[in-house]
1. Considering only the stretch 66-152, what is the antiparallel percent among its DSSP beta bridges, to the nearest 5?
2. State the extension gain, in nm to one decimal, for the chain segment bounded by Asp14 and Ser116, taking 0.36 nm per residue of separation less the distance between their alpha-carbons.
3. Using the Karplus equation 6.51 cos²θ - 1.76 cosθ + 1.60 (θ = phi - 60°), what ³J(HN,Hα) coupling, rounded to whole Hz, does each residue of the stretch 61-78 give in order, writing x for Gly and Pro?
4. Would you pull out the residues with amide H under 5 Å of Asp94's amide H, same chain only if 5 or more places away, H placed 1.01 Å from N?
5. Which whole-Hz couplings ³J(HN,Hα) result when phi for each residue of the stretch 135-142 is put into the Karplus expression 6.51 cos²θ - 1.76 cosθ + 1.60, θ = phi - 60°, listed in order with x for Gly and Pro?
6. Using only the Cα atoms of the chain, build the gyration tensor, take square roots of its eigenvalues as a ≥ b ≥ c, and label the shape rounded, prolate or oblate: rounded if a/c is under 1.5, else prolate if a/b is larger than b/c, else oblate.
7. Under 5 Å between amide H atoms, partner at least 5 residues away or on a different chain: which partners does Ser39 have, H built in plane at 1.01 Å?
8. Efficiency by 1/(1 + (r/R0)^6): what FRET value for Ser95 and Leu165, r their Cβ-Cβ distance, R0 = 45 Å, to the nearest 0.05?
Amino acid sequence: MNDGFHRQPHAVLDLPSRGQKAEKIAMLTGIRRMSSPVSLLEVGTGSGGIAHYFAHLPGIKVDVDAVDVVDSRLLHDGYRFTRVDDVLLPFGDDSFDVVISNHVIEHVGDRAQQVSHLRELRRVLKPGGIVYLAVPNRWMLVEPHYRLRFLSWLPHRLRTPYLRLRGRGDYYDCEPLERRELEELAREAGLSYRNISVSGFRATLAIEGDKGPLARILHAMPDRVLSTLESAIPTHIYLLAHDEARLATRVGVRGAVVDVDL
């Protein structure tokens, strides 16, 4: 989007957290049960921690490509990296079994650019493949990039003035999404989708361990109860595919990831 400002990459360079994030993505995509070798693309490489994790995943060969608009990598080995200038991907159609877009779509620009991002993910995805997509929920209490409460709740025109008023920056360069908006974008891009935010929440607790009494209470709730709170979960997590049939083999009716061979 040509808005006169340079969008920041906002890369997370904390390698231990990237390892935990990669483990969650592995759980939610079921990559360990896929037929080896698996071709994987990570869009938005950041530190390289997630690409490195999958390139060295025990028990299965994962052939990893990664792209980003800047090179912020701390880990370089085991995968191929390509710098890109925009949402266009330098790969042929039907190239990858798994595509990861983890907290990327909110950085690519306006709605048109977000749709273009999703269309590119669909284009490079094999017909039987899966996209893992995560994006901050617009209605999260604390905006994660600038650490300001209610920043993304504001109308778009007020976000930059509020950011400046609080001394956190000159321009709000992110576009977090409501669940409805994200699903509309997926449909416009020709992608089927399933919301797996509840499964993502449970996976986070399993990987990160004790998160305090509130998290333990939420973890004890059945899926049908947690699903009513999806709009309040800070991160939307979706699996996307070319068609609904592919998702039906991977995700239960309430968005729970099921254990099936892929």
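1. 20
2. 33.8 nm
3. 8, 10, 8, 10, 10, 9, 9, 6, 7, 9, 9, 10, 5, 9, 10, 10, 8, x
4. Amide H neighbours of Asp94, under 5 Å, 5+ apart: Val124, Leu125.
5. After applying 6.51 cos²θ - 1.76 cosθ + 1.60, I find 8, x, 6, 3, 8, 5, 5, 10 Hz.
6. Rounded shape, in that the Cα axes give a/c under 1.5.
7. Asp63, Asp97, Val98
8. Using R0 = 45 Å, I get an efficiency of 0.50.
Here, each number is a calculation from the coordinates, and none is a lab measurement. Fair warning: this is a prediction, and the values are worked out from it, not measured in the lab. Please note: Cβ atoms are built from the backbone with ideal geometry, for glycine as well, and neighbour counts cover all protein chains shown.
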